[in-house]
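The values are calculated or read from the model by the stated rules, or taken from the named source; none is laboratory data. Everything numeric in this text was worked out from a predicted model, so none of it was measured. So basically every Cβ, Gly included, is an ideal-geometry build from the backbone, and we count neighbours across all protein chains shown. Accessible surface areas use protein heavy atoms only, side chains included; no ligands, DNA or RNA. Shrake-Rupley method; radii C 1.70, N 1.55, O 1.52, S 1.80 Å.
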Amino acid sequence: FQYLKRFDQGRSLDRFQYKALSVEGSPAECLQLLFQHCGVMDPSWAELRNFTWFLNIQLRDCEASVFCDPGFVGDTLNGF
């Protein structure tokens, strides 16, 4: 949700890191963003769960990768 919210606001995600146990927005706002970005017109709970699970793994791996660290690569991958 933290990434999707900032993405929708047009904010840069290059230096953003997930903040564990940080509460942002409401449950309704979270569901609205998930519906908007999951890619399925009328998703089931299982489809939403799979979308969030996949997105979470991808973002966690991206945060852990030195190749996605702006301090390491500089501005060579700006906006990637």
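When Rg and the Kirkwood radius Rh are both evaluated on Cα atoms of the chain, their ratio Rg/Rh stands at 0.99.
In this simple spin-label model, placing a label point 7 Å from the Cα along the Cα-to-Cβ direction at both Lys5 and Arg49 gives a separation of 2.4 nm. Annotation for Ala28 and Val40: the two label points, set 7 Å from Cα along the Cα-Cβ direction, are 2.4 nm apart. Normalised Debye scattering of segment 5-51 at q = 0.30 Å⁻¹ gives log10 I(q)/I(0) of -1.16, counting only Cα atoms as equal scatterers and leaving out solvent. Angle of helix 45-64 to the longest C-alpha principal axis of the chain, folded into 0 to 90 degrees and rounded to 10: 10°. Among the protein heavy atoms of the chain, carbon and sulfur supply 59% of the accessible surface, probe 1.4 Å, non-protein parts ignored. So what's the angle, to the nearest 10 degrees on a 0 to 90 scale, between helix 27-37 and the longest Cα principal axis of the chain? Helix 27-37 sits at roughly 70 degrees to that axis.
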